[in-house]
Every structure is written in C-alpha cells, then in structure tokens.
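Here is the structure we will look at.
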Amino acid sequence: MKENKNIDELFREKLQNYEQEPPAYLLENIFAGAAVNSKRRRLVFWRISAVAAALLLAFIAGWQFNTNNNADLNKQSLATMATDNQNIMENLIQTESHTAKVASGKSIQKKTDINPVISARSTYEKNNSKVETSLVAATNESHQLKLIQGRSSLIPNNPESVWRLQKQKQPEQSVKSIDQQIMEQNQQLLMVQNAEKGKGKWLVGAQATPVYSVSKSSQSAQYARNMLSSESSNPVDLGGGLTVEYKPGKRWSVQSGVYYSGLAQTSGNSTYGGSKNSLAADVASKYLTTKVNVDASTSKISMNSSAGVIEFSGIPSQVVIGNNIETNSMASAVFVSDARFTQNFEYVEIPLYLRYTVLNKRFGIEMMGGFSSNLLVGNQTYIESNLGKTLVGKTNDMEVMNYSGTLGVGFKYGLSKSFFLNLEPRVKYYLNSLNNNESVSYKPYTIGVFTGLSYEF
Amino acid sequence: MEDFKTIISECIAGNQKAMAKLYHQFAPKMFGVCLRYAKDATEAEDNLQDGFIKVFSNLSAFRHDGSLEGWIRRIIINASLEKIRKQHLLYPVEDVSIYDSVNFSDDVIAKIAADDLMKIIQELPPRYRLVFNLYVIEGYSHQEIAKEMSITQGTSKSNLSRAREILKKKVQENFGELRDQNNYTA
C-alpha cells in the first residue's frame, strides 16, 4: 500500500494546483456561447408563458360555455384530442423514419445515382410496418409510399444492381476495424434511443385530495323567498382516484383516469322566514323558519335549498314543524328546529387533461388543464342538530351527467427513476348547473390539493 | 466574497468586462483541471470553453453559500465528464495486463516536472483517467465515482488500481531508474 500512496501523492502534489494560461481566443467563444444560451432561455420563458396563456384561455372559454353546449363541447374536445393524437403519431413516425434513414443510410450514401433507391429501400425495410401505418394515417406520405414500393419491387428483380451496390460497399470494409466497430455500435445505440423515444412513456398513479367547495348559485325570486340560506363554510369533502397519463414527448402529455369526488352544500337559518306565523316566534331567529311544502296527496314534505329542492323521505324525528295558529292548513307550515342541512353529492369523474412540463428535473413542475365528465352516483341530505346527524332524504332534480373544467399546477418529486410524489393544487368549475330545476342554477367551484404517487414505465 | 457578489450580478446582467474578470480569475486553474481530464490540450480547451459557457449561463443559480471556485470547478469537471461519456461511451476499456509493483524513491519523484506527469495522465485510457482524477486528486469516494459514472464500486476500484499500475510503469519508462533502493516492503 505504501507505493500506492506514493504514486497518489506524487500526482496529487504536482497536479492538484496545476495552472496553465488557456489560449486567449477561448474567451471570445465563451462570450458568444453564453449570449446564445441567454437568448435560448428567454425563448423558453416566452414559450412557457404562451402555454400558460393557452391553458388559461381554454379554461376561461370552457367556463363561459352554456349548459346547452355541453354535449357539443364534449364531442369537440374528444375530436380535438383525437386529432392531437393523430398529429403526435404522425410526428413520431416521421421522426423515426428520418432517423432510421440517417442511421442506416449514412454509410451507403456515397453514390448519388443510386442513393434514393438505397435510402428508400433501407427505410422501407427497417420501418416496414411503421411506414405502412404512417401512410394510412398521413395522406401526404402516400406518394412516398408508392415511390418506395415501386423502387423496392424493382430491386429484387435486378440482381445486378444489388451486386453493384454490394461492390460499391466493399471499399468501406477496409475502414479501420475499430472505427467500424464504433460506427456499428453507434448505430445500434441510435436505434435503441429512437425506439425508446418512439415508445412514449406511461404514468399510472393514485391520488387523494380534500375538496373545498365554494358555492355559486342563483335562484328565481319566488324560489329564493322560501329557501334555506346557504352557508359560506361548507364541510371539507374527500376525493381521489386513479390516473393514467401518456407522455409521447418531453413536454406534453395527456391524462385521464377515474376519480371519485364528494361535494357538500350546507344550509342553515333562513334569511326570509315566516317568524311572525311561527308558534315559537320569540326564538325563531335561532331556528329554521323556512317554509315547508307538504304534498297533500303523498304527505311528503320538501324544502327549498340553494342547491335544489330537498325531498324528505319522512318527517325527521328531531325536528318540529310549526304552523300558523289561526289556520289548520299546512300551507304555511315552517320548520321550528335548531338544525343544519348538509346536502352531499358524490361524483365519479372521467377527466381529460392536457399537461405541459415546465421543469423536468428531479423536482418537476407541470401545468395542467382540461375537462371532465362527472356522473352523479350519490345524493343524500342529512340533518344535523344537537341530537346528531340523520339521513333525511335527497335533493330533487339533480343532473346525472355534468361537465367541469379544471386548471392546476402539478409539483412532482422523483423518489426514484420511476416513482414520483405528486402534489397538485387544482380548481374545478362546473360548466352546467348541477340541478336541472328551472328556478335553480347551482354551479359550485371546488378547490383540491391532490397528493399521491405515480409510476412511470 | 463581497467582491464576487458584485462581479456575479454584473455577469448575470451580461456585462462582458465582469465576465472577463471572473474568467481570468479562474481560467488558469480550471484549464489545469481540464488538462487532467482530457486526452490532449485541444480537448481540454473545448471542455474549458463548454464549462465556462455553463458557468456564465447558470451564475444566477449560484447560492453564495459555498465557495465560488468550488462551484465553478464542479461545473468544469462535469463538462469534462460529459465529454468523455459522449465520446468514449462505446470504447471498451482495454484490458491491461497487471504490471509488477514498482516502488519509487521520493527524491527522484521530486525531480519529475508537473508537465510530464500531465502528459502521462493524459495518455491513460479515458475511464482510468477519470477514476484516477476523481479519486486521487478530487478526493471522491468509490461510491461517488460509481454513481457519477454509472459503474459499480468494484469496477471503480479495479480501474483505479489499473490506472496506478499504468502510471507507475509510464513513470518508470520515462524517468528511467526509479526502482526504490530503500526497500520498504514489510
């Protein structure tokens, strides 16, 4: 070990602080290189700004959509998506065939007279199936296919030209064997890299989020007169689901999946009540005094809320219904109980998001936006009082299928090469009213912070 | 440090005078680093150029919490490694037969010039040159080298010992009778 130390020390001692003046012209090159880099960075900044603006515009445009346009909207977005996919596929195929040309044709492209035949043929052979696919997809390549097919069919019938081709290739064999080996290895590496590039990447993941809903509703004046007042602080609900993401390139990706999301709407004391008619007029301000509708034939009772009409399955045990003393009709009945209503809705969401990678390092940043179809799967109304929480009924006229727009920022941290930790604040806005009652327009926003894991392969 | 802060902010703003000042401050030392990692002066010049372009393009990311020289050195070494990775990715490391151990006497070693040693180090196969530089001169551990070069720690160790053997042999060839007379085997 002693002599090892000696040789190490010898080199360390003499070379650690070794200095030599570099040639003067290097500085000029460095100035030029640094200037190019800063220009490129500015360009990237503008590109990111443009993407952000585009996503924002798409989101705002979706926001403005009328309920009537929802069906069309969905079809449109699907169509755009299909076109996007087609474009991506075309690009991929073009890139592949181009690089294959470079890789395979490099050593052969010497003789100009046979050059097109050789390169076309080798491209055709290497990418046989892919070229066919691309031609089906891209009509502008059909001419090229005819050319390739024509040429390739000629080649086997003309053994002399093949022989000539082989003969012309002969001199290249004499290139130094080590160089040739490197060239072959380079070609292989290029092909492997291209194959990897062409494949695109898939990401699957699972996410969960708290859902904060912010009510946004409007009602007709008549409806609102006898309505429970909606509370500004809604309970936090839960959401989450599975995601699938396809990333054909470095920046853009398309994401879908299945989410479950809860939505809650709480109602309390009425702003307008019939307290004068109430049996408990003195304490009415503390209690629910909203008018109750009683159906004479079915004896079912219902109340108006900002999210729609709540239909009771029976009279809840913990509430008292009061009436005007002078009349025995139930037409002016009111609830006289200190209670709170919570309307819970559950949705299964199928999203279609477009994502753009802003920063692709171990810590990554992505911007995302898109649309979702939401299927109503749960609809319950609970009453909460000092006696506890009881299921009392459901909200009437809820739309089964709804559409929403989403905009968010995704933060991604690589735990390993394939596993990522995700944190995504998102805003979701319902494009149509969740309730189809003509007197009610109920379009809440929800804010969620999606956290989860994803796996890339 | 305060001095550097002003120069750095001027460099970020694109002031060429400040850039030249910073360059002249560190270039000779960094050229020395590049020479060690390169096969010749031309490659070293290329690496120095690429490295300094990266330095000036990323100066805004410098956090002022470590030494500026260390930060620049790291970028220069990375630029050198990157070049070798690109160029020599496909070269198999040539199999070198094990040489007999050679011992040197310190007083003879003292007479050898740094320039000559630089030449010898540049003649090493690229991977041996990298491992030797990173381990012996930069003070990296085998674990760090393995991570940096995507090789195993075992490969790093064997590369280092082979690099040492070759260097010893070259020193012996170039500087003649260096056999250690004061035999310190025991």
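The values are calculated or read from the model by the stated rules, or taken from the named source; none is laboratory data. Because the structure is predicted, anything quoted here is derived from the model rather than measured. With ideal geometry, Cβ positions are generated from the backbone for all residues, glycine too; neighbour counts draw on all protein chains shown.
Observations, loosely collected:
- Considering region A:392-417, the residues that are in contact (Cβ under 8 Å) with a residue 60 or more places away in the chain and among the hydrophobic types (A, V, I, L, M, F, W, C) include one that is farthest from A:A339 (Cα to Cα), namely A:L407.
- Verdict on B:A20 being out of contact with any His (no Cβ under 9 Å at 6 or more places or on another chain), more than 11 Å from chain A (Cβ to nearest Cβ), assigned to a helix (DSSP H, G or I) and on the phi < 0 side of the Ramachandran plot: no
- Residue satisfying all of: in region B:59-95; modelled with pLDDT of 80 or more, surrounded by 15 or more Cβ atoms within 10 Å (Cβ to Cβ) and not hydrophobic (A, V, I, L, M, F, W, C); farthest from B:P126 (Cα to Cα) among these: B:R73
- The selection criterion, being at pLDDT 85 or above, at the interface with chain A (Cβ under 10 Å from one of its Cβ atoms) and more than 30 Å from B:K170 (Cβ to Cβ), holds for B:V55.
- Every residue from region B:112-156 that is part of a helix (DSSP H, G or I) and on the phi > 0 side of the Ramachandran plot: none
- Candidate set from region B:7-26 (those that are closer than 18 Å to B:G70 by Cα and among the β-branched types (V, I, T)); member that is surrounded by the fewest Cβ atoms within 10 Å (Cβ to Cβ): B:I8
- Counting only strands (runs of 3 or more DSSP E) wholly contained in region A:208-284, the ones carrying 2 or more residues that are within 16 Å of the chain's Cα centre (by Cα) and modelled with pLDDT of 80 or more occupy A:237-247, A:252-268.
- Conditions (1) under 13 Å from the mean Cα position of the chain (by Cα); (2) at pLDDT below 90; (3) crowded, with 17+ Cβ neighbours inside 10 Å: number failed by B:C34: (2)
- Considering residues of region A:418-449 that are within 25 Å of A:A221 (Cβ to Cβ) and free of Cβ contacts under 8 Å to residues at least 60 places away in the same chain only, the residue nearest to the chain's Cα centre (by Cα): A:Y430
This table checks each residue for (1) away from chain A (no Cβ under 12 Å); (2) crowded, with 17+ Cβ neighbours inside 10 Å.
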position	(1), (2)
B:L130	yes, yes
B:V136	no, yes
B:S141	yes, no
B:E144	yes, no
B:E148	yes, yes
B:G154	yes, no
B:N159	yes, yes
B:L167	no, yes
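- Wholly within region A:383-457, strands (runs of 3 or more DSSP E) carrying at least 3 residues that are in contact with a Phe, Trp or Tyr (Cβ under 7 Å, 6 or more places away or on another chain): A:388-395, A:401-414, A:419-430, A:445-456
- When the residues of region A:14-41 are filtered to those that are facing chain B (nearest Cβ under 8 Å) and of a type in the set (D, E), the one that is nearest to B:R36 (Cα to Cα) is A:E19.
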